[in-house]
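Only one structure is covered here, and it is reproduced in the block below.
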Amino acid sequence: MNVESNDAGYFGRYGGRFVDDKLKPVLQNLENAFKKYINDQDFIDELNEILNDFVGRPTPLLFAKNATNALGGGRLFLKMECLANTGAHKINNAIGQALLVKKMGKRRVIAETGAGQHGVATACACSRLGLECVIYMGKKDVIRQRPNVFWMEMFEAKVVPVDSGTKTLADAVDAALKDWINCCDDTHYLIGSALGPAPYPDMVREFQSIIGKEVKKQFQEKYDKLPDILMACVGGGSNAMGLFSDFLDNKNVRLIGVEAGGKSFNDGDHASRIVGNCGKEGIIQGYKSIFLQDSKGNLLPTHSISAGLDYAGISPQLASLFETGRIEFISATDSETLEAFKFFAKHEGMIVALESCHALAGAMKIIPTLDKNTNVIINVSGRGDKDLFITAYSLGKEKWFEFLKDEIKRGSSTNTLC
Ligand SMILES: *Cc1c(COP(=O)(O)O)cnc(C)c1O
């Protein structure tokens, strides 16, 4: 199977490049540079050195013995992207693109962020590689995601609150695009998931494909065969494509994406584009894919307990792979996700990101139906420290509020918290 898009940037019917005329040559230059450097040995060596020494790769593949025993059925393995620097897989792509920016001789990076995870990874990569960094973020998100804004500022990124529209992610994307049109000579727009106009879906997938390459090697070295099932949560689709892409040709390996089922399948209650047939084909934000949208083609609001799956569009490659039947999709609700969070803390001693808990919730449904020789690998895309404000609230509201009130009192009555 051809993993890459065709010359026009399409995967089957999806993908393409639908942008302002001024950006077309910029994207073409980016595509040329990416294709050149991804095969350039110096670039590969430099990238691998950063991935090893700074990001902490390869991340381990853990046999989840306790969870396997508790669930009964298939054997469960966890790919530990949660152990990467900054706590999630996003850094793989941020570092890859940032290094490419340096090779292209640009000096400034912009990005949009919703929950702030991509902003933190981008700001971290820029700080490491000495690039100027500007992060566009809806004003509402700047207020809601104060901890991530704080980390971005520690990395010396400039966080620009976007005050237009709904003051959330979609408006931050528009603001970033406007900046790029005006400053494209010295600026790179660092997109965080396997979507957007070509060449982003190919580029982000390639920088994330190290996840699946490592998994293949790690599993084969130990068991001398391929796993049977791979699962990953799907927001935009970068950790899923990162895990899946090296296995697309291994037709006996089942690939399963898990979407955010939220509270219900009513509009605004979930972020499930494929499951439930909720999304429709459209061309939005530069690419053709499946989007949650109203009859006029406006993106619908989304909801998920995990901020990182809260997006109305999906990777055009994943949309195409679903259409051809290569990839299956299921969804996990908010409450199933919280159950998975508690289950893996209890049995495996892990605090897993709520995004990744969707994949774990999917595994908890499937594992008990499998025989004990079936090997399932879940991508644990991130760690859950960042979700403290959601999990602590959801699982123990009174105690958490008491703590927050005390902290405010303590902070205002003394000059030091220590
Ligand atoms: C952003 C994020 C996701 C969702 O993004 P994808 O592009 O679908 O991978 C998943 N897990 C974590 C930990 C994230 O931060």
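The values are calculated or read from the model by the stated rules, or taken from the named source; none is laboratory data. These numbers were taken from a predicted model, which means no experiment stands behind them. Glycine gets a Cβ as well: all are built from the backbone with ideal geometry, and neighbour counts include every protein chain shown.
Worth pointing out:
- Residue ID - surrounded by the most Cβ atoms within 10 Å (Cβ to Cβ), chosen from residues in the range 131-150 that are out of contact with any strand residue (DSSP E or B) (no Cβ under 7 Å at 6 or more places or on another chain) and in contact (Cβ under 8 Å) with a residue 12 or more places away in the chain: Asp141
- Some residue of the range 302-320 being within 25 Å of Gly12 (Cα to Cα) and over 19 Å from the mean Cα position of the chain (by Cα): no
- Matching strands (runs of 3 or more DSSP E) fully within the range 16-121 where at least 3 residues are more than 16 Å from the ligand (Cβ to nearest atom) and either at pLDDT below 95 or under 23 Å from Asp387 (Cα atoms) (or both): none
- Yes/no for Lys346 being more than 13 Å from the ligand (Cβ to nearest atom) and under 28 Å from Ser238 (Cβ atoms): no
Residue-wise test of (1) at pLDDT 95 or above; (2) outside any helix (DSSP H, G or I).
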position: Val376; (1), (2): yes, yes
position: Ile390; (1), (2): no, no
position: Ser394; (1), (2): no, no
position: Lys409; (1), (2): no, no
position: Ser412; (1), (2): no, no
position: Asn415; (1), (2): no, yes
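- Residue within the range 318-333 that is among the basic types (Lys, Arg) and more than 18 Å from Ser238 (Cα to Cα) present: no
- For the range 206-239, filtered to residues that are among the polar types (S, T, N, Q) and either away from the ligand (no atom under 14 Å from the Cβ) or over 26 Å from Ala98 (Cβ atoms) (or both), the residue that is surrounded by the fewest Cβ atoms within 10 Å (Cβ to Cβ) is Gln220.
- Of the set (1) out of contact with any strand residue (DSSP E or B) (no Cβ under 7 Å at 6 or more places or on another chain); (2) buried (at least 24 other Cβ atoms within 10 Å of the Cβ); (3) not β-branched (Val, Ile, Thr), all apply to Gly105 but (2).
- The condition of being more than 16 Å from the ligand (Cβ to nearest atom) and in contact with an Asp or Glu (Cβ under 8 Å, 6 or more places away or on another chain) holds for only one of Thr324, Thr374, Thr333, that being Thr374.
- Total residues in the range 151-161 satisfying the condition of being surrounded by fewer than 19 Cβ atoms within 10 Å (Cβ to Cβ), assigned to a strand (DSSP E or B) and either hydrophobic (A, V, I, L, M, F, W, C) or within 14 Å of the ligand (Cβ to nearest atom) (or both): the figure is 1.
- Residue pairs whose Cβ atoms lie under 7 Å apart, sitting 6 or more positions apart in sequence or on different chains, and linking a residue in the range 222-248 that is touching a residue at least 40 places away in the same chain (Cβ under 8 Å) to a partner that is near the ligand (Cβ under 7 Å from one of its atoms) and β-branched (Val, Ile, Thr), are Ala240/Val234.
- If the condition is being without any contact (Cβ under 8 Å) to a residue 60 or more places away in the chain and over 17 Å from Val215 (Cβ atoms), then the range 53-68 contributes Asp53, Lys65.
- The lone exception for Asp269 - which of (1) within 14 Å of the ligand (Cβ to nearest atom); (2) over 16 Å from Ala115 (Cβ atoms) it fails: (1)
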